[in-house]
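A.B. asks: Supplied in structure tokens, the structure appears directly below.
What follows is calculated from the coordinates using simple rules that are stated; it is not laboratory data. This structure is a prediction, so every number in the text was calculated from the model and none was measured. Here the Cβ positions follow ideal geometry from the backbone for every residue, glycine too, while neighbour counts run over all protein chains shown.
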Amino acid sequence: MENYLLLKNLIAKIKEYIFIILTATILLIISCTISYSEENVFTVNNIKVQGKVGLNFSRDKYINKAFNESFEMLMSRILLSKDLNKIKDIKKNKIRYLINSFQILEETYRKDKYNITLKISYNEKKVKKLLLERNISFSQPKKITSIFFPILFVNDEIKNFNENYFYNQWRNIEIKNEIINFILPIDDLDDISKIKEMKNKIGQLDVRSFIKKYNVQNYAFTLMNYDKKKLNIYIMTNFEGNEMSKNISYEVDNFDDELKLNFILKDLKTQITDIWKEINIVNLLMPLSIKVKYKHNNLIQLNEFKKILYDVSIIDSFDLEKFSINNSYFKIYYYGNPKRLQSELFKFGYQLKNDQGYWELYMND
């Protein structure tokens with residue numbers, strides 16, 4: 001019996017040594033301190049270009065045009081609107097350099113018309129380097145659903161939604177790369193009456209009392225007041241638990257001027273979208289680091305987690321500082337904030353928890 005126990009302990013020790021040797025071998029083959037964001041790309045899909053087929057027809061000309069349009073689309077997706085002017089001077093050959101690959105989804109020649117649709121993949125590492133050189137931070141927001149609640153006063157008179165131009169035309173005004181799916185509220189006379197009473201006490205207005213009936217957590221609540229040829233808008237938002245507010249104003253000589261109102265609508269939608277982007281901003285100049293203890297059961301789980309770290313786009317690099325059969329200790333360098341890192345890891349099936357300053361990672365149950 002004693003020999004059996006000694007043999008059992010010896011086998012257990014041998015297994016532990018084999019685990020450590022195998023893990024060390026695998027992890028030393030590929031250095032964990034390199035950046036894995038190189039494997040991630042930004043993809044712009046369904047870029048459509050068309051033109052005439054004539055004597056001077058050039059297929060490359062239209063492909064280059066698609067590259068330019070895809071770059072504009074990519075930048076409008078990841079940059080704040082105020083930063084778009086900073087990349088307008090990017091030359092065509094630079095755009096080509098940023099592209100990893102492209103795929104022609106559809107190409108037709110019909111009579112004298114040419115149509116091409118492409119899917120274009122950008123090298124994320126190169127794009128980040130370009131933005132870093134120009135001191136531009138970028139955003140990686142996910143798509144969300146939010147209610148847009150527009151309240152309009154004209155000359156101190158509140159308008160029902162059927163009289164509210166911003167409510168009626170909101171869905172008809174489009175911006176590039178819409179990342180917020182807006183839904184509109186129903187015309188509720190009780191809500192209108194309560195808001196009218198609180199017009200001059202906007203800071204005390206309980207927006208959630210109007211939002212909760214729609215079973216949506218995210219909202220953009222706007223209080224608009226047109227008076228003396230000026231439209232003042234107070235915006236309150238709550239996107240994924242992040243509350244923000246801001247004031248903007250527009251000069252409007254004639255409130256029946258639809259061109260002017262459409263311009264304001266587009267700008268308002270852009271500014272609300274920018275609020276969501278700002279929450280997800282990535283400062284390339286200041287990567288953060290975090291030390292994490294990862295609890296796992298075997299080598300397979302450890303290797304699976306390592307693969308996940310390759311795919312989380314906000315992670316720049318990582319070091320495996322210490323490991324054993326059941327626990328591994330990582331130092332992770334990432335962009336954003338801990339809450340964003342938690343959210344990104346959760347998408348891949350991991351929970352990142354802070355226990356009195358010590359970060360631990362678990363697989364979701």
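A.B. asks: Once amide H atoms are built 1.01 Å from N in the peptide plane, which residues 5 or more positions from F138, or in another chain, come under 5 Å H to H?
C.D. replies: Result for F138 returns V282, L284.
A.B. asks: Taking 0.36 nm per residue of separation and subtracting the Cα-Cα distance, what length does fully extending M286 through N215 add? Present the calculation step by step, with values, prior to reporting the outcome.
C.D. replies: On the way: separation 71, 0.36 × 71 = 25.56 nm, distance 3.72 nm.
Roughly 21.8 nm would be gained on extension.
A.B. asks: Pull out the extension gain between D60 and K347, defined as 0.36 nm times the separation in residues minus the alpha carbon to alpha carbon distance; nm, one decimal. Could you put the intermediate results ahead of the total?
C.D. replies: Details: separation 287, 0.36 × 287 = 103.32 nm, distance 3.95 nm.
In short, 99.4 nm is gained.
A.B. asks: Determine the gain in length on full extension of the stretch K129-L259; use 0.36 nm per residue of separation and subtract their C-alpha separation, reporting nm with one decimal.
C.D. replies: Answer, rounded to one decimal: 42.9 nm.
A.B. asks: Hey, of (1) 145, 61, 51; (2) 95, 68, 35; (3) 72, 46, 42, which did the structure itself give for Cα extents along the principal axes in Å when calculated?
C.D. replies: Correct label, based on the coordinates given: (2).
A.B. asks: Order these by the 10 Å Cβ neighbour count, fewest first: W276, W170.
C.D. replies: On the way: W276 23, W170 16.
Ranking W276, W170 by Cβ neighbours within 10 Å, fewest first, gives W170, W276.
A.B. asks: Let me ask something additional. I need the helices of the chain that pass two filters: whole DSSP H segments spanning 27 Å or more by Cα along the axis, and mean Kyte-Doolittle score no lower than 0.5. Could you put the intermediate results ahead of the total?
C.D. replies: Details: long enough: 2-29 (41 Å, 1.24); 59-78 (29 Å, -0.66); 258-279 (32 Å, -0.13).
Flagged H segments are 2-29.
A.B. asks: May I pose another question? What FRET efficiency, computed as 1/(1 + (r/R0)^6) with R0 = 56 Å and r the Cβ-Cβ distance, is obtained for K229 and R110, rounded to the nearest 0.05? Before the final figure, lay out each step's value.
C.D. replies: Details: r = 51 Å, r/R0 = 0.92.
After rounding, the FRET efficiency stands at 0.65.
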